[in-house]
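Have a look at the structure below before the remarks.
The values are calculated or read from the model by the stated rules, or taken from the named source; none is laboratory data. Small disclaimer: the values here were computed from a predicted structure and weren't measured. Ideal geometry is used to build each Cβ from the backbone, glycine not excepted, and the neighbour counts take in all protein chains shown.
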Amino acid sequence: MTTQAGAAEAPRVDETAPTDRPPLGRRLAAEALAHPVRTVLLVYVVSRVVALLAMWVAATWFQNPAGVGHLDPTVGDLIPLWDAQWYESIATDGYPVPLPADPVTGKLTYSAWAFYPLFPLLVKGLMLLGLPFTAAAVGLNVVLGGLGAVLIWAVFRHGLHAEPQPGRERLALVAACLWCFYPATPVMLKPYTEPLAVVLVAASLLALMRRRYAVVAALAVPLGFTRGVAPAMGCAALIHLVVRIREDRAAGVAPLRGQRASALLMLVVTGLSGIAWPVVAGVVSGLPTAFFDVQQAWGQDPASGPFVLWLEWAWDARGLVGLLVLLALAGTYLALILGRHGRWVPVELRAWAVAYPLYLFAVVRPITSMWRFLLLDFPLAALLASVAMRTSSGERVVPHWRRRVAVLLVPIVAGLVWWTCALLTYTPWSSRPP
């Protein structure tokens, strides 16, 4: 007969120790959601490193030496290419008066007047501290890009005028992070206006959703001297006011009670911001249509009518098939924005997401710079996050959303590398501007 003392002692279990620890991916996701601003900034820094590596690949293997004047192109050679040269000219020498004209025809030709002044003026202020133009411009854009990413996250997480979404915080965070890897974001490491424009647009939409109409009006002034996007911003403001008035009436209160004056001010200033820089160009030059004449010298032709140049381009490229593909792409985009994948996004953002691309396609000729212009259409990132993370009905976020987002990042990063190598490089006899 065995005794109790002779039996082997069973191992003791600490009942206070955790026995079901969540997987690493889930813990990291929880930590990211607990500190969203820090997460967005960290992802933004990683995306800038990826963009810098893409520029190194482009400079090492794709940049033609003829475009930079020596046999060993570097990242430093890519930064001042294309429009960066014009912004440096504005920051150092200002705008030419009188406007340059063709000596034979007398028509206005290429000049700095096609470029808006706020960004180069900000860089000029930094240059007064002793910084060279490139260092000042790139440093400013790196800071503005991080601020823009945080503002985009704040805009996405705002639930006003949007369908209820249990995973809103998670969707907003992933969408902002996806935007950091948008294929054209390497341009934010160059002296371009995109980071400043993103900050002003996102801040304006956030103020609009918070019903701070005077702030929107104040932001419309610098926006008018940064990019010509006032018509699209005005559409977003109008849609917001229509929804607000309907809500006020349904609640039995006077529409826009206490804010009618500020709402009117917002609409007026936003409208004026769209013509501010063309008016300044006309007054300084003495030619009322100077800005539009210079734009025409750069290839823009608004007199041909809205959308006509894109329809002609599609028809000339592939005939009826090209035209149908173009219309199908536009229809698919509108269906996503207005359908279930867009309904978790506030109506102001959806208005911007419809008005801004339509405005671009109405007034801008077919050009490779459209990829860069669409940086401001950041609701695209919200659609990608929704498609990757939510169920087909859009009711909830799927448990394996992290794997799906990781898979989605592969073609996005590949697109970033392709865009950098194909468009950020410069060959004198092959013009495909970024």
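Have a look at G146, G130 and point out the one that is surrounded by fewer than 24 Cβ atoms within 10 Å (Cβ to Cβ) and under 20 Å from A385 (Cα atoms).
Values: G130 fails: under 20 Å from A385 (Cα atoms).
Only one candidate passes the filter, namely G146.
Condition check ((1) surrounded by 13 or more Cβ atoms within 10 Å (Cβ to Cβ); (2) closer than 30 Å to A207 by Cα; (3) touching a Cys at 6+ places or on another chain (Cβ under 6 Å)) across all residues:
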site: L267; (1), (2), (3): yes, yes, no
site: A281; (1), (2), (3): yes, yes, no
site: V284; (1), (2), (3): yes, no, no
site: A314; (1), (2), (3): yes, no, no
site: V321; (1), (2), (3): no, no, no
site: Y333; (1), (2), (3): yes, yes, no
site: L336; (1), (2), (3): yes, yes, no
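Please specify each residue of the range 297-329 satisfying the condition of being touching a residue at least 24 places away in the same chain (Cβ under 8 Å) and in a helix (DSSP H, G or I). Step through it out loud before you land on a result.
Start the filter on the range 297-329 by keeping residues that are touching a residue at least 24 places away in the same chain (Cβ under 8 Å), which leaves 297-302, 306-307, 309-310, 313.
Matches in the range 297-329: A297, P302, L309, W310, W313.
Does any residue of the range 53-64 turn out to be among the β-branched types (V, I, T), more than 20 Å from F119 (Cα to Cα) and in a helix (DSSP H, G or I)?
yes
For the range 370-434, please list each of the helices (runs of 4 or more DSSP H) lying entirely inside it that holds at least 3 residues being in contact with a Ser or Thr (Cβ under 9 Å, 6 or more places away or on another chain) and closer than 20 Å to V187 by Cα.
Result: 401-423.
Scan the range 82-95 and report the pairs whose first residue is farther than 18 Å from V68 by Cβ and whose second residue is assigned to a helix (DSSP H, G or I) and among the charged types (D, E, K, R), with Cβ atoms within less than 8 Å and a gap of 6+ or a chain change.
Close Cβ pairs (under 8 Å, with a partner that is assigned to a helix (DSSP H, G or I) and among the charged types (D, E, K, R)) amount to A91/K124; T92/K124.
Among the helices (runs of 4 or more DSSP H) confined wholly to the range 70-128, which include 3 or more residues that are out of contact with any Ser or Thr (no Cβ under 8 Å at 6 or more places or on another chain) and of a type in the set (S, T, N, Q)?
Values: elements: 75-78, 84-93, 118-127.
Per the criteria, 84-93.
Please list, ordered by first then second residue, the pairs with beta carbon atoms under 7 Å, 6 or more apart or interchain, first in the range 28-41 and farther than 18 Å from W179 by Cβ, second assigned to a helix (DSSP H, G or I).
A29/R402
Condition first: among the β-branched types (V, I, T) and within 30 Å of G76 (Cβ to Cβ). Now tell me which residues in the range 377-434 satisfy that.
Those that are among the β-branched types (V, I, T) and within 30 Å of G76 (Cβ to Cβ): V410, I412, V413, V417, T420, T425, T427.
Under 9 Å between Cβ atoms, which residue pairs at least 6 apart in sequence (or on different chains) link something in the range 57-70 that is surrounded by fewer than 19 Cβ atoms within 10 Å (Cβ to Cβ) with a partner that is modelled with pLDDT of 90 or more and among the small types (G, A, S)?
F62/A422
Of the residues that sit in the range 156-187 and are in contact with a helix residue (DSSP H, G or I) (Cβ under 6 Å, 6 or more places away or on another chain), of a type in the set (A, V, I, L, M) and assigned to a loop (DSSP other than H, G, I, E, B), which one is surrounded by the fewest Cβ atoms within 10 Å (Cβ to Cβ)?
L160
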